[in-house]
Protein chains: 2
Amino acid sequence: MIFLAEDKFYSQVYSIKEQINFTEKFSLEARNFKAIVISGMGGSGVSGRIFAEIFQELPVIVVDSYKLPKYVDRSYCFIAVSYSGNTEETLSTVKEAKARGVRVNAITSGGELSKICDNLIKIPAGLQPREAIGYLLMPLLNTFAGIQTEERKKIISILENLEKERSPIWQLAQKIVDSRKIPYILSWEPFTSLSYRFKTQFNENSKLFALNHNLSEQNHNELVPQLMNGGMAEKFIFLVLEGDYSSRCKVRLDIMENKFSSEIIRIKPKGETQLEKLFYLLHYIDILTVEVSLRLSFDPEDVKVLENLKAELSKIK
Amino acid sequence: MIFLAEDKFYSQVYSIKEQINFTEKFSLEARNFKAIVISGMGGSGVSGRIFAEIFQELPVIVVDSYKLPKYVDRSYCFIAVSYSGNTEETLSTVKEAKARGVRVNAITSGGELSKICDNLIKIPAGLQPREAIGYLLMPLLNTFAGIQTEERKKIISILENLEKERSPIWQLAQKIVDSRKIPYILSWEPFTSLSYRFKTQFNENSKLFALNHNLSEQNHNELVPQLMNGGMAEKFIFLVLEGDYSSRCKVRLDIMENKFSSEIIRIKPKGETQLEKLFYLLHYIDILTVEVSLRLSFDPEDVKVLENLKAELSKIK
């Protein structure tokens, strides 16, 4: 049973290398818009969050609710991202957009979204949304960041090397399982979106509760309950995705390490460019959370709780 | 000791009514800008998050880090919010803004920010940043939302009524303390920013760990660890700030309630307009988290952990 799950899920996690070669793009120019608004939830929406952190020429606003902000009109670039094409929150924002005469660009494998959008990038079906992160993210990068063949090759080669040297990830997975602590992920720019991805991959792949926060804002609020009142900090295993900006965050981390009773594990990305490091970490996170799942004897694919919720929601109109 | 803390903190929590009458504003017109960028951390930055949810004519981007997004130039309205005026992340973004020739509007009680900004709204000193939420938020509302005297009076009257009928809040505070569970705050629009405020007020006033998420996005990720793997949901006491959009969120909540072993407590705001409801909830949250603190025999004012961190940071340049 577990062996089957491993087989299937592994092949999907590892298909990221194939996904990076997905070259479809929209005919859109960022400079023609005031901002880019990406509507998407969960495993689909996270592609928008990652893109928002990479792309810095215009504000990228990620909508993760039923409601499209009032300011969104034809002067904004609107992109709906839903792997299934049937996410009800995303469809609700799409209907609002259409009512305002806003052109709907969509990234989806099918569903209602593929029928009602004005401009479609169709991606391969049959995956869990979170396994399709490459297919969901690449069209955004292809359209606005102009990623080249050489860059794709470089990224794929970095991921292949990571796969060859997986044993530190296996050890960390075992350490997380043995700790019986709650994973608490910290990061700073340009990887705050990946700390959210990390948390959600623990949630769905590993069935573990997990937390994430960006380091500096976290200091302003959570140090108090973590270090006073009996030291909540010891309940967590801290995992840090080391960002490039700013060196002050590393100073903060050093100070925290001295105060915390719990270990702080730093994960350093390999690669040179932001994109290379980003995909390295993305793949690292996927492998790690699946490894944790297998060590806990859970099926990383199993999210029937969610499927039940969707079924119950669909009964109530 | 506790009695003194109660006396002092209570008078500050209750000074929100005075703060609502703060009428200072900037001479800025939203329509002259592509978007509004507000830089601020912790108890100061939360004013930007709340404003971003109220103001819907332009995107409002809240920066909670050392780094100003690359796109920010003179076509954006930049506002730095730091109660002390010495928050190092905020000052870092201010320096980047100045280097790009961007005009720096500041809301602060003093510090370095008051000296280097181009345009200052000075607010009363001597409070904790989180106690000054009215002073931090009103200049944003005064400038861009044109709040009138009648509205201010109405809000203050709603808060006075809330104070007269505090006993349900006292009961809820006792219930939270007795539960020995972790507060988990859920909300949806237009109160997702208040769910973050609620969490941070538990953190700093009550010295309690707490979590928050917007309801719908939460469903997409966290139902799995909350309902599988032994049911993490039972470790939480769920507090819900009921938003106006969308009714589907209430359907989601009903379904969750049937599945969760833990109670879901719904907090309904009083008032008619969004602003009235928002200030009702803001005051409710403050009173509740201070009441929890006092029942746990903590001093709600005490954040020496944070002050120590700042002192250590200042030693390392």
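The values are calculated or read from the model by the stated rules, or taken from the named source; none is laboratory data. Please read all numbers here as calculations on a predicted model, not as lab measurements. We place every Cβ from the backbone using ideal geometry, glycine too, and count neighbours over all the protein chains shown.
Annotations
- Pairs, first assigned by TED's automatic domain parsing to the domain that holds A:K235 in segment A:257-272, second exposed (fewer than 13 other Cβ atoms within 10 Å of the Cβ), C-beta under 7 Å, six or more apart: A:S261/A:E234; A:S262/A:E234
- Considering residues of segment B:282-315 that are buried (at least 17 other Cβ atoms within 10 Å of the Cβ) and polar (S, T, N, Q) only, the residue nearest to the other protein chains (Cβ to nearest Cβ): B:S293
Rundown of residues vs (1) within 13 Å of another protein chain (Cβ to nearest Cβ); (2) surrounded by 18 or more Cβ atoms within 10 Å (Cβ to Cβ); (3) among the polar types (S, T, N, Q); (4) under 14 Å from A:V81 (Cα atoms), yes/no style:
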{"site": "A:K25", "(1), (2), (3), (4)": "no, no, no, yes"}
{"site": "A:A30", "(1), (2), (3), (4)": "yes, no, no, no"}
{"site": "A:K34", "(1), (2), (3), (4)": "yes, yes, no, no"}
{"site": "A:G40", "(1), (2), (3), (4)": "yes, yes, no, yes"}
{"site": "A:G43", "(1), (2), (3), (4)": "yes, yes, no, yes"}
{"site": "A:I61", "(1), (2), (3), (4)": "yes, yes, no, yes"}
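- Residue satisfying all of: in segment B:235-265; more than 14 Å from B:F191 (Cβ to Cβ) and part of a strand (DSSP E or B); nearest to the other protein chains (Cβ to nearest Cβ) among these: B:F236
- Checklist (1) in a loop (DSSP other than H, G, I, E, B); (2) under 30 Å from B:V292 (Cα atoms) applied to A:V224, failing item: (1)
- Candidate set: segment A:184-221, residues that are among the acidic types (D, E) and part of a helix (DSSP H, G or I); chosen: the one surrounded by the most Cβ atoms within 10 Å (Cβ to Cβ): A:E204
- Candidate set from segment B:274-301 (those that are of a type in the set (S, T, N, Q) and farther than 25 Å from A:D64 by Cβ); member that is farthest from the chain's Cα centre (by Cα): B:S297
- Conditions (1) out of contact with any Gly (no Cβ under 8 Å at 6 or more places or on another chain); (2) more than 13 Å from chain A (Cβ to nearest Cβ); (3) modelled with pLDDT of 95 or more; (4) surrounded by 16 or more Cβ atoms within 10 Å (Cβ to Cβ); number of the one not met by B:N21: (4)
- Within segment A:142-154, none of the residues are of a type in the set (A, V, I, L, M) and either in a strand (DSSP E or B) or under 17 Å from the mean Cα position of the chain (by Cα) (or both).
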